[in-house]
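Participant: Encoded as structure tokens, here's the structure I'll be asking about.
The values are calculated or read from the model by the stated rules, or taken from the named source; none is laboratory data. This structure is a prediction, so every number in the text was calculated from the model and none was measured. Virtual Cβ from ideal backbone geometry, glycine too; neighbours counted across all protein chains shown.
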């Protein structure tokens, strides 16, 4: 049961890792075949679409681990209460941005479905690529909401990340 819980807890990383591994294999195969004087016509296209999916799922995984790019120079050097409010405001802004990206991703995906457009080399529906955006940003919004609710319940917690805690002086420190 613990194994299944772990898989579903890290499903984005698992799927993104598989996509990146397939992408790497396809690219390496294409390099070797080109060196041999031939190649696969659809290799670059497949690699590109796998990278899009991997990156969109990676945003969700980064959100869960609070691994987004950030500049903490100010937040780490102010009292904990101010730091907490700044981080909470950032959490809310991130959630709103993820929801907007999810909505626009859904709109683009629906337009792609209506258009019936296919991928040039693979001949699969292009909406399969566009679907990465609502899936990735929708799961990011859910992960961000969970982290924000957890931060509201326990201000010293940062969504399960144990290396960032508040010390007794009220400042955030890295362990």
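Participant: Since residue 12 meets every condition but one in (1) closer than 24 Å to residue 131 by Cβ; (2) at pLDDT 95 or above, which condition does it not meet?
Facilitator: (2)
Participant: From 80, 95, 102, grab the single residue that is closer than 30 Å to residue 157 by Cα, touching a residue at least 12 places away in the same chain (Cβ under 8 Å) and in contact with a strand residue (DSSP E or B) (Cβ under 7 Å, 6 or more places away or on another chain).
Facilitator: From the options 80, 95, 102, the qualifying one is 80.
Participant: Going through the stretch 76-101 one residue at a time, which ones are more than 20 Å from residue 149 (Cα to Cα) and either surrounded by 14 or more Cβ atoms within 10 Å (Cβ to Cβ) or out of contact with any helix residue (DSSP H, G or I) (no Cβ under 8 Å at 6 or more places or on another chain) (or both)?
Facilitator: Passing the criteria: 77, 78, 79, 101.
Participant: Would you please list the contacts, defined by Cβ atoms under 7 Å and residues six or more apart or on different chains, that run from a residue in the stretch 33-44 that is under 19 Å from residue 23 (Cβ atoms) to a residue that is assigned to a loop (DSSP other than H, G, I, E, B)?
Facilitator: From residues that are under 19 Å from residue 23 (Cβ atoms), the pairs are 33/39; 33/40; 41/121; 42/121; 42/122.
Participant: Report whether or not residue 145 is under 19 Å from the mean Cα position of the chain (by Cα), free of Cβ contacts under 8 Å to residues at least 12 places away in the same chain, surrounded by 14 or more Cβ atoms within 10 Å (Cβ to Cβ) and closer than 30 Å to residue 75 by Cβ.
Facilitator: Here the answer is no, as residue 145 does not meet what is asked.
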